[in-house]
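A.B. asks: Shown below is the structure under consideration.
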Amino acid sequence: IKLPVKLYINDAQKALTAVDIKANSSADFQMKYQISGTGTQLAKIEIEDTPITFDDQLYFTYQVSSTTNISTIYEKTPNRFLDALYGKDSIFSYNAMAVHAIDYGRIKQSEVVILDEVVSITSGLADELDQYLSNGGTVIVLPNAEMSAASWNSFLNKIHVPQFGELVNKEMKVGSINRESAYYKGSMEKVSDNLDFPSAKKYFQFTQLSAGESIMTFDNRQPVLSAYNIGKGKLILSAVAMNDDFGNIHKHALFFIPMHNIGIRSIMQQKLYNIIGVDHYQSIRSMAQSNDDVIKIQNGQTTYIPEQRNMGNETVIYFHDQITQDGIYDVLNNGTTITSIAFNYDRKESQLNYYSEDEQKDIMVQQPKNVEWITSESKDITHAISERLNGKFLWQYFILFALVCFLAEILVLRLWENSASKKRTKHSF
């Protein structure tokens, strides 16, 4: 029997499907729907699995932004290829600034920061990028042929990602792309096995390679484009710059597609939902205006005032087990809703697993002596429990005994009467 699954967005049903899930297993499925607005989306997935009627909803929230804010920091002049990729597309809000005139406030407001052929990275910029990555931002590094490897590798070593090695002045062709990568998947419907891969005239090798997502690699299996999780954010390392001195990779669609999708997929998302009793805090990007402002969490008529801490471009709110009811809660600052967050019961509630009879007996051995065992062999469980709690009721036996005595009395009277009657009859003769 297939399980009906419904998706609601902002209280409107957006999708319906039926999923065949076998016992003690899981299933992956897709529900397609059209996004009709921007801002915080209040979502709910609902199932119907009668007669089990509890824990049938999963609440979550996510953000839909009309544009992605992208900032580029360049060494000498703005990059015309980056401007063509991001600056001419309405879904991106693109800004370029020189390395000697960085607007750090704009960096905090950006979903993606591109370091375009920056020769060296200062300690101040390194600290800012480290914090930016930790808070969920995406950083793309495009190398400079004359870059200061020492300053760059100091930063890369600090965040535990591969470091720039030798600049190889040798032509090398791209050997493969990761078609399962989130930056390709869904963007290439029909991919030929005989792709025309681009080539690099020169490229940087990386040292101390570590686990990350390979997006594109050379024939010699050296990474061209790779992604690494840093805190809540992503660091994208490129072995080539986006200029003609490095070859034609930057002009090829296979390079443009992931770079474009990095921009689209880099909207800073807050946590989809919290588990009651398990998750105790959440970061929200919309921060309080000042330390005197009080953030409130509200669901209907119920309002909570959580602990709050301002941390850079985020505010962290701590629940301290105040939330006990699942659902979607509004986060208010001075009476204005700045976002919404979701809470769900622990999934363990739906695990209908029971102790076996032997396991229960083992547990009861450790219990006080006044614990008694009632087996499933009892015909009337309610009667058995009542008997254990209140003892045996004897009133039925007394009633039965009274009826027997009453019957015996009647029989005695009848026999006595018959005997007396016979005697009177005998004496009359």
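The values are calculated or read from the model by the stated rules, or taken from the named source; none is laboratory data. Given the structure is predicted, the values throughout are model-derived calculations rather than measurements. Here the Cβ positions follow ideal geometry from the backbone for every residue, glycine too, while neighbour counts run over all protein chains shown. Heads up: the accessible areas ignore ligands, DNA and RNA and are worked out on the full protein's heavy atoms, side chains in. Shrake-Rupley method; radii C 1.70, N 1.55, O 1.52, S 1.80 Å.
A.B. asks: Distance from a point 7 Å along Cα→Cβ of V119 to each backbone N in the range 127-171: keep the residues under 11 Å and list them by number.
C.D. replies: Counting only backbone N, you get 146-148.
A.B. asks: Continuing with this model, one more query. Where does the chain land at 222 nm, in deg cm²/dmol rounded to the nearest 500, when only DSSP H runs of n ≥ 4 count, each adding -39500 (n - 2.57), divided by all residues?
C.D. replies: The helix-only estimate for the chain comes to -7000 deg cm²/dmol at 222 nm.
A.B. asks: Moving on to the next point. Restricting to the chain, compute how many DSSP beta bridges are antiparallel as a %, nearest 5.
C.D. replies: 75 percent
A.B. asks: Could you pull out the pairs from K14/K234; K22/K348; K173/K202; K32/K185 whose alpha carbons sit more than 20 Å apart here?
C.D. replies: K14/K234
A.B. asks: If r is the Cβ-Cβ distance from I264 to I45 and R0 is 25 Å, what FRET efficiency results, to the nearest 0.05?
C.D. replies: 0.55
A.B. asks: With the alpha-carbon atoms as the only input, what is the per residue convex hull volume for the chain in Å³?
C.D. replies: Taking the convex hull of the Cα positions in the chain, it is 287 Å³ per residue.
A.B. asks: Now, a different point. Tell me, what is the percent relative contact order of the chain, built from C-alpha pairs under 8 Å that lie six or more residues apart?
C.D. replies: 11 percent
A.B. asks: Quickly work out the S356-to-I52 label distance, labels modelled 7 Å from Cα along the C-beta direction, and quote it in nm with one decimal.
C.D. replies: For the pair I52/S356, the computed spacing is 2.1 nm.
A.B. asks: Next question. Between E146 and A211, what is the spin-label point distance in nm, taking each point 7 Å from the Cα along the Cα→C-beta axis?
C.D. replies: 4.0 nm
A.B. asks: Can you give the log10 of the normalised intensity I(q)/I(0) at q = 0.22, 0.24 Å⁻¹, computed with Debye over equal Cα scatterers of the range 1-48?
C.D. replies: -0.81, -0.91
A.B. asks: Right, another one. Leaving ligands, DNA and RNA out of it, report the carbon-plus-sulfur percent of the accessible area of the chain at a 1.4 Å probe.
C.D. replies: Carbon and sulfur together cover 51 percent of it.
A.B. asks: Follow-up. Contour minus end-to-end for N169 and K2, with contour as 0.36 nm per residue of separation and end-to-end as the Cα-Cα distance?
C.D. replies: 54.2 nm
A.B. asks: Of the residues M172, M364, M216, which exhibits the maximal mean-square fluctuation in a Gaussian network model of the chain defined by a 10 Å Cα contact cut-off?
C.D. replies: M364
A.B. asks: Taking the chain as a Gaussian network, Cα atoms linked when under 10 Å apart, which of R414, R179, R309 shows the biggest mean-square fluctuation?
C.D. replies: Evaluated over the chain, the most mobile residue of the options is R414.
A.B. asks: Something else about it: Would you mind getting me the FRET efficiency between V412 and M364? Use the beta-carbon distance for r and R0 = 56 Å, nearest 0.05.
C.D. replies: According to the calculation, E is roughly 0.55.
A.B. asks: Same structure, new question: At 1.4 Å probe size, with every protein chain present, just tell me what the per residue accessible area of the chain comes to in Å².
C.D. replies: Per-residue accessible area for the chain comes out at 60 Å².
A.B. asks: Which FRET efficiency, nearest 0.05, do R80 and V316 yield, Cβ-Cβ r, R0 41 Å?
C.D. replies: 0.50
A.B. asks: In the chain, which helices (entire DSSP H runs) extend 15 Å or more along their own long axis, judged by Cα positions, while averaging at least 0.0 on the Kyte-Doolittle scale?
C.D. replies: 253-264, 395-428
A.B. asks: Could I ask something else about it? If I build a Gaussian network model for the chain, linking alpha-carbon pairs within less than 10 angstrom, which residue out of L403, L133, L332 has the largest mean-square fluctuation?
C.D. replies: L403
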